[in-house]
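In what follows, a single structure is set out as structure tokens and then discussed.
The values are calculated or read from the model by the stated rules, or taken from the named source; none is laboratory data. What you see is a predicted model; the values in this text were computed from it and never measured. Positions of Cβ are generated from backbone atoms using ideal geometry, with glycine treated the same way; all protein chains shown enter the neighbour counts. We work out accessible area using only protein heavy atoms, side chains counted, and drop any ligands, DNA or RNA first. Shrake-Rupley method; radii C 1.70, N 1.55, O 1.52, S 1.80 Å.
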Amino acid sequence: MNEGRRNVIEVQRRYPIKEFSELVGVPQQTLRNWEEVFGDGFPVDRDPQNQRYYTDYHVRLVGWIQQWKEEENLTNSQIKPMLKTIRSMNPFEQGLMGEGDFSALAVQAEQVKSQTVAIGQVFTDQLEKQFSTYISQIQALFTMNLDDQRNMIREEIGRALETLDARDSRLISSLDDQNQVHREELQKTLINIADKAENQGEVTRQHLSELLAKDLEARGAAAEEQAKVIDKQLNDWAVVLKEDIEKMSANKKRKWFWGK
């Protein structure tokens, strides 16, 4: 290692994660996530106590990442290959760089970013064309399937209507048969009721005639007895009246004889 490189190594600082987080304004958890997401593009060494430490090299990396995210709106998946490219062009192995090395890497990183964006745009254009073709094919297939489905639905509706018509015909025929049976049974029932009513009426007439005859007979016997009683009473009255008349006649004769 030459003397200039040795001087650079000697002046490089090591920042524990808490101090580095405050220095660059990035939360500690975000720094840990970047280490996992970016992998070799954002290497973080550890001291003998297995504690993370960061250097001025990481200060530059964080500055580029923030610039790409805030100004270029790049995603982690777009930033990751750019960091790996910068890492692969790193002229030193210990995570330490001189100011001139950083400037050169910055230019190269900008070139890599431009290439990545261009490739992404080409990929996006191709993807949009493929997607548009795919949508057109789906629409054509959907239209074709829709016509087939319409025809199939029409056929199913036709068969269903035929089935319903046949079922309705059978149902109407069955109802007619049942109604005919019910009418015949009802007619028989009415005839039986009429016959029973007629027989019952004849019996009732005979019974009434018998009752009337008995009543008349009873009334005749009572009238005869009453007539006898009345006849006896008339005879008794006639006897009393005769006696009264005879007494009155005798009294008149006496009065005449005595001159009174």
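Brief remarks on what is shown
- Label-to-label distance, nm, for residues given as Asp45 and Glu246 (7 Å Cα→Cβ offset): 18.5
- Accessible area (Å², 1.4 Å probe, nearest 10) - Ser169: 70
- For Lys69, the lysines whose Cα comes closer than 23 Å to its Cα, not counting residues fewer than 8 places off in the same chain, are Lys18, Lys80, Lys84, Lys113.
- Near Lys232: Cβ cut-off under 14 Å, other residues only, Lys/Arg at +1 and Asp/Glu at -1. The net charge is -3.
- Surface calculation, 1.4 Å probe, protein heavy atoms: Ile193 sits at approximately 100 Å² accessible.
- Electrostatic tally near Asp177: other residues with Cβ closer than 12 Å to its Cβ, Lys and Arg +1, Asp and Glu -1, net 0.
- With a cut-off of 10 Å between beta carbons, the residues surrounding Tyr53 carry a summed charge of +1, where Lys and Arg count +1 and Asp and Glu -1.
- Computed over the range 207-248, Kirkwood Rh from alpha-carbon pairs, angstrom: 12.5
- Accessible-area order (highest first, 1.4 angstrom probe) of the listed residues Met82, Met248: Met248, Met82
- Per-residue SASA entry for Lys196, accessible area with 1.4 Å probe, Å² rounded to 10: 140
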